[in-house]
Amino acid sequence: MNIEDILLGFVGNNAVWIVLAGFIITTILLGVRIVPQSEKHVVERFGRLRSVLGPGINLIVPFLDKVAHRISILERQLPNASQDAITADNVLVQVETSVFYRITEPERTVYRIRDVDAAIATTVAGIVRAEIGKMELDDVQANRSSLIHEIKIAVETAVDDWGIEVTRAELLDVNLDQATRDAMLQQLNAERARRAAVTEAEGARRAVELAADADLYAAEQAAKARRVQADAEAYATQVVAHAIKENGLEAAQYQVALKQVEALTSLGASQGSQTVVVPASAMDAFGEAFKMLRGRT
């Protein structure tokens, strides 16, 4: 055996080992699949669905199984879409919507629908038109949150067979044509004018009521004052009558004498008075009063 035969035998043996090592490495690379956290892989065997690989290290049968689809399970947002709709009271509105979704079952998505975004957008447009057609314009503006909820439920039901979960559905804006805007502006101005007139009328009515209440209160207070005065006069009269009843005529004469003395005293104490005119019976009155005072003491 010469050197050439030895070299050829060595190279031949090494080649076998190299091929065998390459085959083993290739088998390992084809049989081990590492799936990222944000993806799921759909595995096919001879063109048919075999399994769905989740995140992490997965094993498949080399040369028989292959990863046919790599599906992202991250939440996605459809481009904002605008579509026309007619309300129950025949008002044309333009609605702008936005939908967020994510794929939960890739095996349904890849085998049941080709263009996911276009399919969801078409479904949303139809559902929005149907839901707005059930409501009047004022209800669309006032109950936007409930309308969004109804749209989300309807979209979820429609796309359930595609392995898709609708996470959010937003009704971004509801636009009106210019004629409808002008009519609504006129209605708003008329409503404001009506409220202003009602407020002014209520203010005037309230002012009249307050003035009447004030007059009534003043009249009640005056009546109370007159009643108190009348009660005081009646009480004084009762006291005098009782004194006359108890003491006879002397008590009456005593009261008359005191009144005369008070009158003369006031006349003499007035400003600018230098001369006092005393009636002829004044001295008699003083005398009678002094007698009565001494008699009472």
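Observations on the model:
- Among the trypsin sites (Lys or Arg not before Pro) in the stretch 77-152, those placed in a DSSP loop whose Cβ has at most 14 other Cβ atoms within 10 Å are Arg114, Lys134.
- Cα gyration tensor, the stretch 35-74 - rounded (a/c under 1.5), prolate or oblate: oblate
- When restricted to Cα atoms, the stretch 76-176 yields an Rg and a Dmax of 13.8, 44 Å, respectively.
- Taking each residue as 0.36 nm, the span from Phe63 to Ala183 lengthens on full extension beyond its C-alpha to C-alpha distance by 36.1 nm.
- Working note: Karplus 6.51/-1.76/1.60 with θ = phi - 60° gives the stretch 65-81 the couplings 9, 9, 7, 8, 9, 10, 10, 7, 9, 5, 5, 10, 10, 6, x, 4, 10 Hz, where Gly and Pro are set to x.
- Nonlocal amide H pairs with Thr167, under 5 Å, H built at 1.01 Å: Phe100, Tyr101, Arg102
- Annotation: extensible slack from Glu209 through Ile18 equals 57.7 nm (criterion: 0.36 nm per residue apart, minus Cα-Cα distance).
- Separation in nanometres of the label points that stand 7 Å from Cα toward Cβ, at Leu92 and Thr199: 3.7
- Counted over all Cα-Cα pairs of the stretch 109-158, pairs farther apart than 19 Å make up 33 percent.
- Length gained on full extension, Ile25 to Asp117, computed as 0.36 nm times the residue gap minus the Cα-Cα distance: 29.2 nm.
- Label-to-label distance, nm, for residues given as Arg45 and Asp139 (7 Å Cα→Cβ offset): 5.5
- Peptides 211-224, 160-173, 65-78 ranked from most to least packed by the mean count of surrounding Cβ atoms within 10 Å: 160-173, 65-78, 211-224.
Every number in this text was worked out from the coordinates using simple rules, so none of it is lab data. Every value quoted in this text rests on a predicted model; they were computed, and no experiment measured them. Neighbour counts are summed over all protein chains in view; Cβ atoms, including those assigned to glycine, are modelled from backbone coordinates with ideal geometry.
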